[in-house]
């Protein structure tokens, strides 16, 4: 895969819990850091107190190789019990529609449970991955594949954690 392919990752799991319970977890920005190998913690920005379209939150990230970074995220979609989406931005002032990446959760009732889809798609802004590829053009496919594998593993870990937490009494 190459950067020009505008890649993304989408995984899903069926959880034996009602959409309302799963919704509580996915819209709580402190849930993903409990399970993600990369996202370490989150916090609301600009006096935001909870999820609302246009609200911003910070994400504090770290990788096993020692890299650390912070993101600014803007909630772009909020349809109760159905879809929660946000864009990863360089700063709060970033124009609507511009993003490093766009992430989402999508919930679908399935019997007495919920099918939860969690995904991301590369945005239109240049990421650090672009710089690595420019410095190592002969390794582009390997670099992109490694990042996709890392994203896949992170999304999978978060989905498993949400499924476990959603089914606890």
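The values are calculated or read from the model by the stated rules, or taken from the named source; none is laboratory data. As the structure is a prediction and not an experimental result, all values here were calculated from the model. Quick reminder, even Gly has a Cβ in these numbers, built from the backbone with ideal geometry, and neighbours come from all protein chains shown.
Can you name the residue in the stretch 109-136 that is surrounded by 12 or more Cβ atoms within 10 Å (Cβ to Cβ) and without any contact (Cβ under 8 Å) to a residue 60 or more places away in the chain and is also nearest to residue 81 (Cα to Cα) among such residues?
Within the stretch 109-136, the match that is nearest to residue 81 (Cα to Cα) is 123.
Could you tell me whether any residue of the stretch 40-58 is surrounded by 15 or more Cβ atoms within 10 Å (Cβ to Cβ), in contact with a helix residue (DSSP H, G or I) (Cβ under 7 Å, 6 or more places away or on another chain) and within 15 Å of residue 119 (Cβ to Cβ)? Checked against the condition, which is being surrounded by 15 or more Cβ atoms within 10 Å (Cβ to Cβ), in contact with a helix residue (DSSP H, G or I) (Cβ under 7 Å, 6 or more places away or on another chain) and within 15 Å of residue 119 (Cβ to Cβ), the stretch 40-58 yields no hits at all.
Residue-wise test of (1) within 27 Å of residue 168 (Cβ to Cβ); (2) at pLDDT below 95; (3) part of a strand (DSSP E or B); (4) more than 14 Å from the chain's Cα centre (by Cα).
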{"position": "34", "(1), (2), (3), (4)": "yes, no, no, no"}
{"position": "47", "(1), (2), (3), (4)": "no, yes, no, yes"}
{"position": "65", "(1), (2), (3), (4)": "no, yes, no, yes"}
{"position": "88", "(1), (2), (3), (4)": "no, no, yes, no"}
{"position": "98", "(1), (2), (3), (4)": "no, yes, no, yes"}
{"position": "103", "(1), (2), (3), (4)": "yes, no, yes, no"}
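When residue 4 is tested against (1) under 21 Å from residue 130 (Cβ atoms); (2) assigned to a helix (DSSP H, G or I); (3) modelled with pLDDT of 95 or more, just one condition goes unmet, and that condition is (3). From the list 14, 27, pick out the single residue that is out of contact with any helix residue (DSSP H, G or I) (no Cβ under 8 Å at 6 or more places or on another chain) and either loosely packed, with under 14 Cβ neighbours inside 10 Å or without any contact (Cβ under 8 Å) to a residue 12 or more places away in the chain (or both). Sole residue among the options that is out of contact with any helix residue (DSSP H, G or I) (no Cβ under 8 Å at 6 or more places or on another chain) and either loosely packed, with under 14 Cβ neighbours inside 10 Å or without any contact (Cβ under 8 Å) to a residue 12 or more places away in the chain (or both): 14. Applying the condition of being touching a residue at least 12 places away in the same chain (Cβ under 8 Å) and in a helix (DSSP H, G or I) to the stretch 160-169 and asking which residue is nearest to residue 21 (Cα to Cα) yields 166.
Tell me which residues, restricted to the stretch 18-29, are in a loop (DSSP other than H, G, I, E, B) and either in contact with a strand residue (DSSP E or B) (Cβ under 6 Å, 6 or more places away or on another chain) or at pLDDT below 95 (or both). Result: 27, 29. Which members of the stretch 120-159 meet the condition of being touching a helix residue (DSSP H, G or I) at 6+ places or on another chain (Cβ under 7 Å) and in a helix (DSSP H, G or I)? Once the filter is applied, which keeps residues that are touching a helix residue (DSSP H, G or I) at 6+ places or on another chain (Cβ under 7 Å) and in a helix (DSSP H, G or I), the stretch 120-159 yields 129, 130, 132, 133, 140, 143, 144, 147, 157, 158.
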